[in-house]
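K.L.:
Input: one structure, supplied below.
The values are calculated or read from the model by the stated rules, or taken from the named source; none is laboratory data. Source: prediction; values computed, not measured. Glycine gets a Cβ as well: all are built from the backbone with ideal geometry, and neighbour counts include every protein chain shown. Quick note on the areas: whole protein, heavy atoms, side chains included, nothing else; ligands and nucleic acids left out. Shrake-Rupley method; radii C 1.70, N 1.55, O 1.52, S 1.80 Å.
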Amino acid sequence: MRKKASSVIRVTDEERRILCDMADSMYLNNGVGLAAVQVGIDKQLAVIDIGKGLVKLINPSITKKMGTETQEEGCLSVPDAVVKVKRAKKVTVSFLDENGEVRQITAEGLFARAIQHEVDHLSGKLIVDYLNPIKRLFLKR
Ligand code: ZN
């Protein structure tokens, strides 16, 4: 979970199946997002639903960031931690959809935050990395 996930070269039924399973797990755990690396799959896949419909992202890459905002975040992989994370207020993300088509979304607020959180996961980064070293040490105990 701490390394960069592998890019998807071709979108196949396997990727589509994994994305469906990931969405199921996300809803089951009342999460707003889930990255494949969190369920032990080394692929650039993520699902997000902030309550406005399911979004499936393949090879997501943030191409534009605007503004900053600091808010508390939780993570299904770090159950006990609530961490204040400074992120862009608004982002543009490019990705492949389930049919392998290149798409782009510009998001703000919670949606933008969820995208940045999942993209972090896919590059091996967790919310605890935003803590200062002393707090991080405390959390490890
Ligand atoms: Zn997370």
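K.L.:
Here is the link list: Lys4/Lys125; Lys52/Lys84; Lys64/Lys84; Lys64/Lys89; Lys4/Lys84. Which ones come out longer than 20 Å on Cα distance? Numbers along the way, then the final one.
P.N.:
Working: Lys4/Lys125 9 Å; Lys52/Lys84 24 Å; Lys64/Lys84 22 Å; Lys64/Lys89 11 Å; Lys4/Lys84 23 Å.
Listed pairs above 20 Å: Lys52/Lys84; Lys64/Lys84; Lys4/Lys84.
K.L.:
Ordered by residue, what ³J(HN,Hα) values in Hz, to whole numbers, does region 30-36 give under the Karplus form 6.51 cos²θ - 1.76 cosθ + 1.60, where θ = phi - 60° and Gly and Pro are x?
P.N.:
Rounded to whole hertz, the list is 6, x, 9, x, 8, 10, 4.
K.L.:
Hey, how many Å between the Cα centroid of region 114-141 and the Cα centroid of region 59-83?
P.N.:
Their Cα centres are 9 Å away from one another.
K.L.:
Then there is this: What FRET efficiency would be calculated for the residue pair Arg136, Lys89, taking the C-beta separation as r and a Förster radius of 30 Å, to the nearest 0.05?
P.N.:
Details: r = 25 Å, r/R0 = 0.85.
Computed FRET efficiency for Arg136 and Lys89 comes out at 0.75.
K.L.:
Would you list, by chain and number, the aspartates and glutamates whose Cα falls below 13 Å from the Cα of Lys3, excluding same-chain residues fewer than 8 positions away?
P.N.:
Cross-link targets: Asp42, Asp120.
K.L.:
Shifting gears a bit: Whole number please: convex hull volume per residue of the Cα set in region 13-140, in Å³?
P.N.:
Values: hull volume 13.0 nm³, N = 128.
Value for region 13-140: 101 Å³ per residue.
K.L.:
So with the 1.4 Å probe, I'd like the accessible area per residue for the chain, rounded to whole Å². Show your work: numbers first, answer last.
P.N.:
Details: 8080 Å² over 141 residues.
Heavy-atom SASA per residue in the chain reads 57 Å².
K.L.:
So what's the net charge close to Asn59: Lys and Arg +1, Asp and Glu -1, counting the other residues with Cβ under 14 Å from its Cβ?
P.N.:
Values: positive: Lys4, Arg10, Lys43, Lys56, Arg103; negative: Glu15, Asp42, Asp97, Glu98, Glu101, Glu118.
Here the charged neighbours net out to -1.
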